[in-house]
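Please read the structure below before turning to the comments.
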Amino acid sequence: MKHLISAGDLSRDEALLILDTAEELARVSGRSIKKLPTLRGRTVVNLFFEDSTRTRISFEAAAKRLSADVINFSAKGSSVSKGESLKDTALTLEAMGADAVVIRHGASGAPHRLANWVRGSVLNAGDGTHEHPTQALLDAFSMRQRLGRLEGLKVAIVGDILHSRVARSNVLLLSTLGAEVTLVAPPTLLPVSVERWPCQVSYDLDAVLPKADVVMMLRVQLERMNAAYFPSAREYSRRYGLDRDRFAKLHDDAIVMHPGPMNRGMEISAEVADSPRSTIVEQVGNGVTVRMAALYLLIGGENQ
Ligand code: CP
């Protein structure tokens, strides 16, 4: 494995190796001294062309905990605002000797392009509406941690599937790992290609909830919407929001997830988001160990 661009590129064994390595590394994160010397002398560049809180900070924390040198690049305040292209930005970073480039970009396919221009490993931290593979890995890690397995788990992914790179990466990864995914959304918020995805589709959240082991709520991505996809926020919330009454339909061991950032009160109520069966805060912590595992496996070898 040279790059981590799509969750669909991972075989079952590769995906499990990342999760198992993350589990080992989680033990280190519990110690008072969290740092490991594993990536000493390696350089990790975080290249963020789109806003991020969780992914940017956790990649930085992951690289630092493995003792890598970290260069943080944000498009705001850089020469990108003067019109510099992705390729020229990439070549500038290449000249600084990056062993790994973590990229978030608004254009689907940008990490794939970047992989042609740099010698180091490319890790996709979210590209447009395409993929967010480390999010799917940390989600799978969080499910396995809470429920003890992935094989046969019934996972409902609910909301704005059309604009969600998290949904696509989760469907690809979870199907590889033997979970059964159902996407739940209004027809307007499903991509046309969804029938080719390895999952079920439903428009009826109330029918899906009682059977689900995991309910993953997605943010309604208003910033990517250039048309009206539903009548009003209130109507969306009434049909597809996870509130107290819907939460009561879940079986006792089911968990609630959200990749963040949340629109509290729209796709998820504050009460549900903060309940003990919500994994939302754990997901953020698990993001650091899963990203440590990905960096370690990609650039931690002897021959780098
Ligand atoms: N889940 C996620 O990707 O969050 P950020 O946009 O804050 O990185």
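Side notes on the structure shown:
- Filter result (over 18 Å from Ala107 (Cα atoms) and in a loop (DSSP other than H, G, I, E, B)) within the stretch 43-56: Thr53
- One residue from Arg27, Arg54, Arg42, Arg31 being among the basic types (Lys, Arg), touching a helix residue (DSSP H, G or I) at 6+ places or on another chain (Cβ under 6 Å) and away from the ligand (no atom under 16 Å from the Cβ): Arg42
- Filtered by the rule that a residue be more than 16 Å from the ligand (Cβ to nearest atom), of a type in the set (A, V, I, L, M, F, W, C) and surrounded by 18 or more Cβ atoms within 10 Å (Cβ to Cβ), the stretch 231-265 gives Leu242, Phe247, Leu250, Ala254, Ile255.
- Sole residue being closer than 22 Å to Pro133 by Cα and in the same structural domain as Ala156 (by TED's automatic domain parsing), chosen from Ser232, Ser278, Ser269, Ser237: Ser278
- The listed residue being on the phi > 0 side of the Ramachandran plot and surrounded by 24 or more Cβ atoms within 10 Å (Cβ to Cβ), out of Gly152, Gly159, Gly148, Gly178: Gly159
- Qualifying residue in the stretch 241-260 (condition: over 21 Å from Leu162 (Cβ atoms) and among the aromatic types (Phe, Trp, Tyr)): yes
- Selection status of Val220, within 16 Å of the ligand (Cβ to nearest atom), in contact with a helix residue (DSSP H, G or I) (Cβ under 8 Å, 6 or more places away or on another chain) and assigned by TED's automatic domain parsing to the domain that holds Arg165: yes
- The residues of the stretch 57-90 that are touching a helix residue (DSSP H, G or I) at 6+ places or on another chain (Cβ under 8 Å), without any contact (Cβ under 8 Å) to a residue 12 or more places away in the chain and part of a helix (DSSP H, G or I) amount to a single one, Ser79.
- Condition met for Ser67 (closer than 30 Å to Ser29 by Cα, out of contact with any strand residue (DSSP E or B) (no Cβ under 6 Å at 6 or more places or on another chain) and away from the ligand (no atom under 13 Å from the Cβ)): yes
- Among the residues making up the stretch 199-235, those that are aromatic (Phe, Trp, Tyr) and under 24 Å from the mean Cα position of the chain (by Cα) are Tyr203, Tyr229.
- Cβ pairs under 6 Å, 6+ apart, first in the stretch 1-22 and over 19 Å from Gly301 (Cα atoms), second modelled with pLDDT of 95 or more and among the hydrophobic types (A, V, I, L, M, F, W, C): Ala7/Ala136; Ala7/Leu172; Ala7/Leu173; Gly8/Leu172
- Taking helices (runs of 4 or more DSSP H) as the structural unit, those lying wholly within the stretch 104-185 and holding at least 3 residues that are within 13 Å of the ligand (Cβ to nearest atom) correspond to 133-147, 165-176.
The values are calculated or read from the model by the stated rules, or taken from the named source; none is laboratory data. Note that the structure is predicted; figures quoted are calculated from it, not measured. Neighbour counts are summed over all protein chains in view; Cβ atoms, including those assigned to glycine, are modelled from backbone coordinates with ideal geometry.
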